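Below is one structure. I have some questions about it.
FYI, it's all coordinate maths here, none of it is from the lab. Please read these numbers as outputs of a predicted model, since none were measured by experiment. Positions of Cβ are backbone-derived with ideal geometry, glycine not excepted, and every protein chain shown enters the neighbour counts.
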Amino acid sequence: MDFNAASGYILHRLQNELSPSLCYHCIEHTLDVLEASRRLADSEKIDVEDRILLETASLYHDAGMLNQYKDHESASVLIARETLPGFGYTASDIDHICELIMVTQLPQRPYNHLEQIICDADLDYLGREDFFIHSFKLKLEWELYGVRVTTLAEWFDIQINFLSHHKYFTNSAILLRNDQKLKHLEEIKQLASKDVIK
């Protein structure tokens, strides 16, 4: 597996071909998920070969946004299957990578350790200080792509519902991010209760 060549290929495409209106699902998000995957892989003691599969999936998990917005995970899988053989990935490697990509689809239902890691990495920001920045980027992106136009009050309700039901899967993510995520949930509940946003 030539990870460096595969990563260089997809990052070049994301940098040059993604629509600038993708303010949440942009190349920065992909790099953010890669960084979170690496950090969790370190904490969870993932071996070298599995790390390559995990990191490749992290880089390709939103590549489908190059072609379509809805069901972009399936489009990401198509790109992975078309391109990764050229970088020395076996059919078995690619199957595992595609499974990792598809498990990032909401609602998350990981079945093994690597799937848990990529799910936690994809939503790492929920328990970070920059949560509200990413949250409002997603709100704007939804509106630009006609997914759902919401008032601020409606958006807070969506976020409250999502954060209330979300859970991190790995011990590392729970320890690192869960407390801050719960603080964000309480902050949003307080904001939602204020008359000014009704």
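Toward the positive end of the charge dipole of region 115-198, about the Cα centre and with charges on Cβ (Lys, Arg +1; Asp, Glu -1), which of HIS134, ALA173, GLN190 goes farthest?
After comparing all options, I get GLN190.
Another question, then. Could you order the peptides 140-151, 74-85, 94-105, 55-66 from most to least packed, using the average number of other C-beta atoms within 10 Å per residue? Could you put the intermediate results ahead of the total?
Values: 140-151: 13.1, 74-85: 18.3, 94-105: 20.8, 55-66: 25.1.
In descending order of packing, they fall as 55-66, 94-105, 74-85, 140-151.
Can you give the angle from 0 to 90° between the axis of helix 27-43 and the longest principal axis of the chain, with both taken from C-alpha atoms, to the nearest 10?
With both axes taken from Cα atoms, the answer is about 80 degrees.
Please work out how many pairs of lysine residues in the chain are eight or more positions apart (or on different chains) and have Cα atoms closer than 26 angstrom.
Lysine pairs, 8 or more places apart or on different chains, close enough: 26.
Using the alpha-carbon atoms, what tilt in degrees (0 to 90, nearest 10) does helix 152-165 show relative to the longest principal axis of the chain?
60 degrees
Compute the long axis of helix 131-144 from its Cα atoms, compare it with the longest principal axis of the Cα atoms of the chain, and write down the angle in degrees, 0 to 90, nearest 10.
80 degrees
Right, here's the next one. Using only C-alpha positions, report the orientation-averaged shadow area of the convex hull of the chain, nm², one decimal.
10.7 nm²
Give me the net charge of ASP120's neighbourhood, meaning all other residues with Cβ under 14 Å from the Cβ of ASP120; Lys, Arg count +1, Asp, Glu -1.
Working: positive: ARG38, ARG39, ARG109, ARG128, LYS167, ARG177, LYS181; negative: ASP32, GLU35, ASP42, GLU44, GLU115, ASP122, ASP124.
With Lys, Arg at +1 and Asp, Glu at -1, the net is 0.
Counting pairs of alpha carbon atoms under 8 Å apart in space and at least six apart in sequence, what relative contact order in percent does the chain give? It would help to have the intermediate numbers written out before the result.
Working: 222 pairs, mean separation 42.6, N = 198.
Rounded, it is 22 percent for the chain.
Could you size up the charge dipole of the chain around its Cα centre, putting +1 on the beta carbon of Lys and Arg and -1 on that of Asp and Glu, and report it in debye to the nearest 20?
With Lys and Arg at +1 and Asp and Glu at -1, about 620 debye.
Sticking with this one: Going by the alpha-carbon gyration tensor, a ≥ b ≥ c the square roots of its eigenvalues, is region 80-130 rounded (a/c under 1.5) or, if a/c is not under 1.5, prolate (a/b greater than b/c) versus oblate?
Prolate, because a/c is 1.5 or more and a/b exceeds b/c.
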